[in-house]
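The values are calculated or read from the model by the stated rules, or taken from the named source; none is laboratory data. No experiment lies behind these values; they were computed from the predicted model shown. With ideal geometry, Cβ positions are generated from the backbone for all residues, glycine too; neighbour counts draw on all protein chains shown.
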Amino acid sequence: MKKIIAIILALFLTALPITALAHSDNTNAGTVPKTATAPVIDGVKDDIYDQGLFIPVRNPHSATPDGGLGGGADAWLLWDDDNLYVFLKIDLTSFYTPDDYEDLQEDQPWALTTCEVLLDFANNSDDAEQVSQVRMNDKGFPNVTLARSDPHKNGEECRPYIDWGFTKTDNSYCAEFKIKMTEYRKGVEGVDVVFGSDFAAGKQIGLYIFSQECADDGEQALFVSVPTDMSGNWVPDNYDYIILGDNVVGAAAEPEVPVADDEPEATPDEPAAPVVVPTAPKTGDATAVMFILLSALALSGLIIYSKKANKNKI
């Protein structure tokens, strides 16, 4: 009997469907609130970001386990029906200023001080070809890679896919991205990008944020948003993931409806209606009234007399 039960149980478990997601064992980095108020894309951190999902980018990359220069970055995320918003503040100790900076930012943007946001829109891919990347250097120049096999786009070529803002201080810079999901969903010609479910509440997106500081003396500092042993820009299996939330922030307060009083007091702009007091008629008016009354009485008497006369004739 025990053998029969064991066989039935084994067959039952074998028949159960099993679904595996590449990132299901990795960290849920949190829920991204939906914003009713779109932030201004200018590189200045709007207050609404404080209600967004905060992600520190402070784990030293495995290539620089001692942390090297700098201190990494911080990121805040929001979303709405058409866009994913990412604001990054990158801490620096120095700036890299090679003579060929302008050429590098287009041809080898990874060789400069830069920040990167890498996204696996389906959150189930083990294929680096499906990863999309948004990058900005410490002079505010952006690059976009829609899919790894697609050459990256530079500067204004990125405009159909992102809007961006940039500000800079002596020891930091800020990069702000409005990532246009509608355009991303159109895909890349010749590249089969797996977007997964609709861009809506509940959607999971694989996420990896990378901060790199380069110095003129050749030193580098690299920090990531995932554990050091999971680092790897183009290894989506190692990404954390975010979830688009249905909690809404930034909604305008409903206007208060004033409650009317039963008997509102008059205001200087709205004087109270004057009270009308009836007055006695003037003498001439009284004479006319008496004449009308006497005429009515005389007429009624005449009518009565006429009726009696007619009665006597019958």
Quiz item: Looking only at residues in the range 223-234 that are among the aliphatic types (A, V, I, L, M) and either modelled with pLDDT of 95 or more or in a loop (DSSP other than H, G, I, E, B) (or both), which one is surrounded by the most Cβ atoms within 10 Å (Cβ to Cβ)?
Solution: 224
Practice problem: Select from the range 160-193 the residues that are modelled with pLDDT of 95 or more and of a type in the set (Gly, Ala, Ser) and write down the one among them that is farthest from the chain's Cα centre (by Cα). | Solution: 172
Exercise. Taking residue 208 as the residue in question, decide whether it is within 23 Å of residue 110 (Cα to Cα) and assigned to a helix (DSSP H, G or I).
Key: no
Practice problem: Just name the residue that is surrounded by the most Cβ atoms within 10 Å (Cβ to Cβ) out of those in the range 82-94 that are hydrophobic (A, V, I, L, M, F, W, C) and under 30 Å from residue 215 (Cα atoms). | Solution: 86
Practice problem: Filter the range 52-81 down to residues that are under 27 Å from the mean Cα position of the chain (by Cα) and loosely packed, with under 15 Cβ neighbours inside 10 Å and give me whichever is nearest to residue 210 (Cα to Cα). | Solution: 56
Exercise. Please verify whether the range 240-252 includes one or more residues that are farther than 17 Å from residue 110 by Cα, hydroxyl-bearing (Ser, Thr, Tyr), outside any loop (DSSP other than H, G, I, E, B) and at pLDDT below 95.
Key: no
Self-check item: All positions within the range 145-159 that are in contact with a Phe, Trp or Tyr (Cβ under 7 Å, 6 or more places away or on another chain) and modelled with pLDDT of 95 or more
Solution: 155
